[in-house]
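Comments concern the structure below.
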Amino acid sequence: MSITGSNRSLRAGMVGIGMIFDETYRPFFERVHREQLFDRRFGVVEIPLVAVASRTGQRADAYRQAAGTNVHRFESFTGDNAIERLIETGIDFACVATPDNRHFDVARTLLDAGVHVLIEKPSVLRLQELDDLVELAQSKGLLAKVVYHKLLDPDHKKLRTLVVDKVLRHVNHGYCSLLEPKQISGSQFAEWITGRNPGTYVAVHYIKLIDFTFGGRLKTITATGQRGIVGPKDGPTWDSTQLRLIYEYDDGREAAFDIHTSWVTPDNFPGYVEQEVQFRFDNGVWNGHSRKRGVECTVEGETPISRKITMNNHYNGTFVEPWGERSQRGYGVEVLERFARELAFLKYGGSASDRPNRYAEIQSLAYNDLSSDRQTVAAVQALEAILERQAAGEPDCVVRVGDPNGKLVLYRPGDSRPVVLC
Ligand SMILES: NC(=O)c1ccc[n+]([C@@H]2O[C@H](COP(=O)([O-])OP(=O)(O)OC[C@H]3O[C@@H](n4cnc5c(N)ncnc54)[C@H](O)[C@@H]3O)[C@@H](O)[C@H]2O)c1
């Protein structure tokens with residue numbers, strides 16, 4: 001029991017304790033450990049991080065040492081039955097931040113054991129997996145949510161507000177690019193990079209932004225990519241990808257979006273990640289550059305390698321607050337707190353008999369519910385299938401969504417036979 005007298009808690013587990021844990025989960029767990037969570041609908045709720053599961057446990061041990069009393073004392077599990085041991089600690093929810101292609105198995109095991117899940121983007125890589133998790137979560141009355149923190153970026157919130165308010169009318173076309181430094185593909189992800197591509201890893205942020213902001217029905221996906229830096233020029237590992245999505249809206253009009261990604265940008269690039277968007281509407285243009293929000297800072301001997309020249313102070317910046325406190329805050333942390341608030345509301349926001357209504361309310365939130373991630377997952381699955389064909393010597397395939405031959409169908413150039421992906 002805390003000094004505030006709260007006996008309400010959401011016991012948290014963490015699966016995967018890598019780069020994203022350091023950037024967003026760590027500041028989130030430290031903040032709720034210090035401040036708890038309050039809302040008049042659910043009262044004061046504690047959110048102790050009780051256990052983590054990872055491959056080696058090294059980062060968990062280092063973090064435990066470094067954090068001291070700044071975080072709840074947690075257990076660390078490794079090895080084949082790490083997830084099962086994590087579950088045995090009696091957690092209410094777990095955050096899944098393993099490499100992309102390991103989300104599904106982990107999330108399935110957790111949901112099966114009655115644990116709510118919050119999964120890092122991209123949620124899963126196949127529609128079959130998505131349907132499986134959504135059905136399982138719903139049958140058990142559990143939350144299954146995914147983290148797309150860019151939807152909470154104030155610039156993207158403003159874009160959506162102008163669209164919702166019909167100030168910007170009818171999107172016609174747009175492009176987005178997100179370029180990660182070589183350090184990501186070269187060292188950070190060395191353990192799991194083989195066979196992977198930067199589109200699944202980061203284009204997914206923009207697929208979701210487009211899907212959530214403009215709505216519509218995803219119809220067609222095309223893609224291509226380049227190799228030769230991270231892996232061999234004819235291998236399955238990609239340096240950069242270009243993805244095109246065609247959407248159709250209720251009035252029958254269409255829009256096209258191009259999303260370019262890379263994880264081989266030179267490490268001495270002035271910004272950590274290069275993120276640019278342009279959307280064109282019937283009556284306007286939106287241009288956004290998340291790296292250039294107005295700050296350029298040079299420090300002799302530090303920029304641009306150990307410290308970046310243009311910095312994103314909105315995502316998870318570290319600050320000395322005007323009142324003296326040191327903090328780490330931003331939309332990357334805010335999105336995790338939102339999930340915790342939704343779960344606290346579900347568990348403590350009213351009577352047991354009213355729980356189904358609370359569950360329906362929280363589950364209908366399209367920004368993070370797994371059930372609203374279908375078109376994003378379809379785009380990722382299509383991208384991966386097209387790249388796989390390209391690596392096998394068959395470039396330029398097209399994937400159609402909601403085709404007469406299936407939910408997701410790949411067509412190869414010069415061959416009318418469908419390849420049903422889902
Ligand atoms: N939202 C963002 O901007 C953002 C940024 C980075 C990463 N991510 C996402 O977060 C996830 C993790 O990325 P990262 O950068 O932290 O990766 P990372 O490689 O730094 O860390 C991966 C972690 O997962 C653990 N792990 C691997 N396989 C496991 C398994 N089977 N069971 C338990 N633990 C396992 C590893 O031990 C490690 O702790 C990915 O899905 C990625 O797309 C999101």
Strands (runs of 3 or more DSSP E) fully within segment 1-64 counting 3 or more residues that are surrounded by 20 or more Cβ atoms within 10 Å (Cβ to Cβ), among the small types (G, A, S) and in the same structural domain as G350 (by TED's automatic domain parsing): none
Residues of segment 210-244 that turn out to be closer than 16 Å to A385 by Cβ and of a type in the set (G, A, S), as a count: 2
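With touching an Asp or Glu at 6+ places or on another chain (Cβ under 8 Å), within 15 Å of the ligand (Cβ to nearest atom) and within 22 Å of L10 (Cα to Cα) as the only criterion, which of V106, V146 stands out? Can you show your working first?
Numbers: V106 fails: touching an Asp or Glu at 6+ places or on another chain (Cβ under 8 Å).
Just one listed residue meets the conditions, V146.
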Of the criteria (1) of a type outside the set (V, I, T); (2) surrounded by 17 or more Cβ atoms within 10 Å (Cβ to Cβ); (3) outside any strand (DSSP E or B), which one W263 fails: (3)
Condition broken by F212, with the remaining ones in (1) modelled with pLDDT of 95 or more; (2) within 16 Å of the ligand (Cβ to nearest atom); (3) crowded, with 22+ Cβ neighbours inside 10 Å; (4) closer than 23 Å to D155 by Cα satisfied: (3)
Pair list, Cβ < 8 Å and 6+ apart or interchain, from segment 293-319 residues that are within 16 Å of the ligand (Cβ to nearest atom) to residues that are modelled with pLDDT of 90 or more and aliphatic (A, V, I, L, M): N316/V333
Neighbours by Cβ (under 8 Å, 6+ apart or cross-chain): first from segment 71-90, more than 9 Å from the ligand (Cβ to nearest atom); second in a loop (DSSP other than H, G, I, E, B) and basic (K, R): T89/R11; G90/R11
Verdict on R280 being in contact (Cβ under 8 Å) with a residue 40 or more places away in the chain, surrounded by 14 or more Cβ atoms within 10 Å (Cβ to Cβ) and under 30 Å from R8 (Cα atoms): no
Of all residues making up segment 21-44, the number that are touching a Ser or Thr at 6+ places or on another chain (Cβ under 7 Å) and without any contact (Cβ under 8 Å) to a residue 40 or more places away in the chain: 1
Matching strands (runs of 3 or more DSSP E) fully within segment 351-422 where at least 1 residues are within 24 Å of the chain's Cα centre (by Cα) and not assigned by TED's automatic domain parsing to the domain that holds V124: 398-403, 406-412
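The values are calculated or read from the model by the stated rules, or taken from the named source; none is laboratory data. Here the structure is a predicted model, which means the values were calculated and not measured. Note that each Cβ is placed from the backbone with ideal geometry, even for glycine, and that neighbours are counted across all protein chains shown.
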